[in-house]
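Q: For reference, the structure I am asking about is given below.
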Amino acid sequence: MRRGRSGNYSRGFRDTDSTQRAARDGSLYYVSFGALHPLAIRSHFFEFLDDNGQLHLAHELVAGGEYQVVVTTSGGLYRYRLGDRVKVNGVLGRTPSLKFLGRVGIVSDQCGEKLSEAFVTRAVREASSPLLKPPRFALLAPEQCTGGVRYALFIEARVDGGLGARLDEALRENPNYRYCAKLANC
């Protein structure tokens with residue numbers, strides 16, 4: 001462990017709001033970015049795919065935009081889709097800060113409803129917004145029942161009696177879910 005003017009330094013990450021850089025002598029030091037998580041622009045070549053299928057370079061990203069990450073590495077990966085969905089939550093200088101939203105392609109399709117992780121996350125967030133505090137944990141899982149399939153919400157929060165109806169209403173914004181619910185007379 002080395003001690004510098006700004007405090008203690010050690011190998012590895014100190015916390016999630018810091019990153020490490022190599023000093024000239026090969027030792028590591030930390031730079032705090034606060035709540036931002038800037039893209040490591042010198043590590044690989046990144047492109048970002050928007051919902052319309054358009055590719056964007058890092059300097060073309062829009063604050064609040066959501067993208068899929070495409071990476072090209074010096075190790076031989078060429079335009080590899082990581083399967084990660086990210087949101088631009090700010091910039092540090094001219095470098096975008098990215099927040100991980102989830103994985104692309106994770107879909108629940110028990111009877112044709114096609115619920116993606118991103119859609120369910122938004123629906124749960126919307127349905128729980130009237131609560132005094134946001135949930136610390138929420139999981140929507142398919143469950144077999146005598147009538148077929150239903151979804152069970154596991155949530156860590158103080159809930160009110162209208163949460164289930166609000167969630168069902170938010171999920172019905174998906175036309176496939178709405179159709180399946182209509183067929184099941186839910």
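All of the numbers you see were taken from the coordinates with simple rules; none came from a lab. Keep in mind that this is a model prediction, so the values were computed, not measured. Counting neighbours? That spans all protein chains shown, and the Cβs are built from the backbone with ideal geometry, glycine included.
Q: Measuring from label point to label point, each 7 Å out along Cα→Cβ, what is the Ala165 to Glu126 span in nm?
A: 1.7 nm
Q: Report the FRET efficiency, 1/(1 + (r/R0)^6), for Phe100 and Asn176, where r is their Cβ-Cβ distance and R0 is 41 Å, rounded to 0.05.
A: That gives a FRET efficiency of 0.95.
Q: Find out how many positive minus negative residues lie around Arg122, taking Lys and Arg as positive, Asp and Glu as negative, among other residues whose Cβ is under 11 Å from that of Arg122.
A: That works out to -3.
Q: Of Val149, Tyr179, Leu132, which is farthest on the positive side of the dipole of region 107-183, counting Cα position, with +1 on Lys and Arg Cβ, -1 on Asp and Glu Cβ, and the Cα centre as origin?
A: Leu132
Q: Would you please name the chymotrypsin sites (Phe, Trp or Tyr not before Pro) within region 68-121 that are DSSP coil residues with at most 13 other C-beta atoms within 10 Å of their C-beta?
A: Tyr78
Q: In region 139-186, which trypsin sites (Lys or Arg not before Pro) are in a loop and have at most 12 other Cβ atoms within 10 Å, using DSSP for the loop call?
A: Arg158
Q: Here's another thing I want to ask about it. So between Leu82 and Asp51, what do we pick up on full extension, going 0.36 nm a residue minus the alpha carbon distance? Don't skip to the end; give the middle numbers.
A: Working: separation 31, 0.36 × 31 = 11.16 nm, distance 1.53 nm.
Difference between extended and current length: 9.6 nm.
Q: Right, here's the next one. For the residue pair Val149 and Gln110, what label-to-label distance in nm results when each label sits 7 Å from Cα along the Cα-to-beta-carbon direction?
A: Label-label distance for Val149 and Gln110, simple model: 0.7 nm.
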